[in-house]
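These notes concern the structure reproduced below.
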C-alpha cells in the first residue's frame, strides 16, 4: 500500500512547476532549474508523485549508445491534485496548515 | 537522471547532480527494502500461534529422531558390514574406514535429506541440520581433545 503523500513545501514547488505548462512533458533537470531543488531532493518527490499516479513518466528515445532521458507530466488526477493543493507563496502554506495538510 | 548530466553546463554542477541522484536512488532502494522487510515480518506474525509452534517443534523433533535413527543404523549396522561381507580381510588395518559409518555416511545422508526436505518439510529438515551440526561439532571436539 502506498502511504499518503506528504505535502512538503518542496513537493508544492514541484507541482507548481508542472502547473506552468500542465500538458507538457518535462525533464528532471528543467524542473530542478525552475524550482531550485537539487537532484537528491527532486527525484524522491518525482518518484513519490509517480507512485501515486499523479505523474506519468516516459523515456525519450535518443541516439544509440546513450541512455534514454526520463520525462514527466501530470496525469489528469495529478493536474486536479496540483490545482487543489499547489498554492504559491507563504499564504499557501498557511492555507494548507488551516486545512490540516501535513507540510 | 543519468542522461541529464549531458545537459548540465558545468562539471561541478554535473558532479553535484550525480551525487544527489545517487543519494536519491540509495535512499529509495533502502526505504523500499526496509518497507518490504517490515511487511514480511508483519505477515509472518500469524505464524507464531501455539498450534503452529507445536507443529514446528514436532517437525524439529522428528528431524532429530530420524537423524538419530540414521546415525544408530550407520554405526551399529554399517560399521560391521565389511567384516560380515568379507570375513577374510582384516579391516582393522584401515583406521580411516571407521570414520565412514560414524561421520561420513551419516553426514552425507543428513545433507541430502535436508536438501530434499527443505522446501516441503522445512522443520524436519531443520531438525536434521541441527543433528548434523551437533554430530560434526561432537566429532571435532572429540578429535581435538583425544589426540
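Would you say residue A:86 is crowded, with 18+ Cβ neighbours inside 10 Å and either modelled with pLDDT under 90 or more than 11 Å from chain B (Cβ to nearest Cβ) (or both)?
On the way: crowded, with 18+ Cβ neighbours inside 10 Å: yes; either modelled with pLDDT under 90 or more than 11 Å from chain B (Cβ to nearest Cβ) (or both): yes.
Against the criterion (crowded, with 18+ Cβ neighbours inside 10 Å and either modelled with pLDDT under 90 or more than 11 Å from chain B (Cβ to nearest Cβ) (or both)), residue A:86 qualifies.
Return the residue satisfying two criteria in turn: it lies in region A:25-34 and is buried (at least 19 other Cβ atoms within 10 Å of the Cβ) and assigned to a helix (DSSP H, G or I), and of such residues it is farthest from the other protein chains (Cβ to nearest Cβ).
Kept after step one, since they are buried (at least 19 other Cβ atoms within 10 Å of the Cβ), are these residues of region A:25-34: A:26, A:28-29, A:31-32.
Filter once more, so that each one left must be assigned to a helix (DSSP H, G or I): A:28-29, A:31-32.
Values: A:28: 5, A:29: 4, A:31: 10, A:32: 8 Å.
Filtering first and then ranking leaves A:31.
Taking only pairs six or more apart or across chains, which ones have beta-carbon atoms under 8 Å, a first residue in region A:27-53 that is free of Cβ contacts under 8 Å to residues at least 40 places away in the same chain, and a second residue that is part of a strand (DSSP E or B) and crowded, with 18+ Cβ neighbours inside 10 Å?
A:46/A:55; A:46/A:72; A:50/A:72
Quick one: which of B:53, B:42 is assigned to a helix (DSSP H, G or I), within 12 Å of another protein chain (Cβ to nearest Cβ) and over 30 Å from residue A:61 (Cβ atoms)? Show your work before the answer.
On the way: B:53 fails: within 12 Å of another protein chain (Cβ to nearest Cβ).
Within the list B:53, B:42, the selection yields B:42.
Which of (1) surrounded by 11 or more Cβ atoms within 10 Å (Cβ to Cβ); (2) without any contact (Cβ under 8 Å) to a residue 60 or more places away in the chain does residue B:59 not meet, given it meets every other one?
Here residue B:59 meets the rest and fails (2).
Among the residues of region A:36-45, count how many are more than 9 Å from chain B (Cβ to nearest Cβ) and within 10 Å of the chain's Cα centre (by Cα).
Kept after step one, since they are more than 9 Å from chain B (Cβ to nearest Cβ), are these residues of region A:36-45: A:36-37, A:45.
Restricting the remaining residues to those that are within 10 Å of the chain's Cα centre (by Cα) gives A:45.
So the answer is 1.
Within region B:110-125, is there a residue that is closer than 14 Å to residue B:66 by Cβ and loosely packed, with under 12 Cβ neighbours inside 10 Å?
There is at least one residue in region B:110-125 that is closer than 14 Å to residue B:66 by Cβ and loosely packed, with under 12 Cβ neighbours inside 10 Å.
When the residues of region A:46-60 are narrowed to those that are in a strand (DSSP E or B) and either within 10 Å of another protein chain (Cβ to nearest Cβ) or out of contact with any strand residue (DSSP E or B) (no Cβ under 7 Å at 6 or more places or on another chain) (or both), which ends up modelled with the lowest pLDDT? Spell out how you get there, then give the answer.
Narrowing region A:46-60 to residues in a strand (DSSP E or B): A:55-60.
From what is left, the residues that are either within 10 Å of another protein chain (Cβ to nearest Cβ) or out of contact with any strand residue (DSSP E or B) (no Cβ under 7 Å at 6 or more places or on another chain) (or both) are A:59-60.
Details: A:59: 90, A:60: 85.
If we take residues in region A:46-60 being in a strand (DSSP E or B) and either within 10 Å of another protein chain (Cβ to nearest Cβ) or out of contact with any strand residue (DSSP E or B) (no Cβ under 7 Å at 6 or more places or on another chain) (or both), then A:60 is modelled with the lowest pLDDT.
The values are calculated or read from the model by the stated rules, or taken from the named source; none is laboratory data. Source: prediction; values computed, not measured. Positions of Cβ are backbone-derived with ideal geometry, glycine not excepted, and every protein chain shown enters the neighbour counts.
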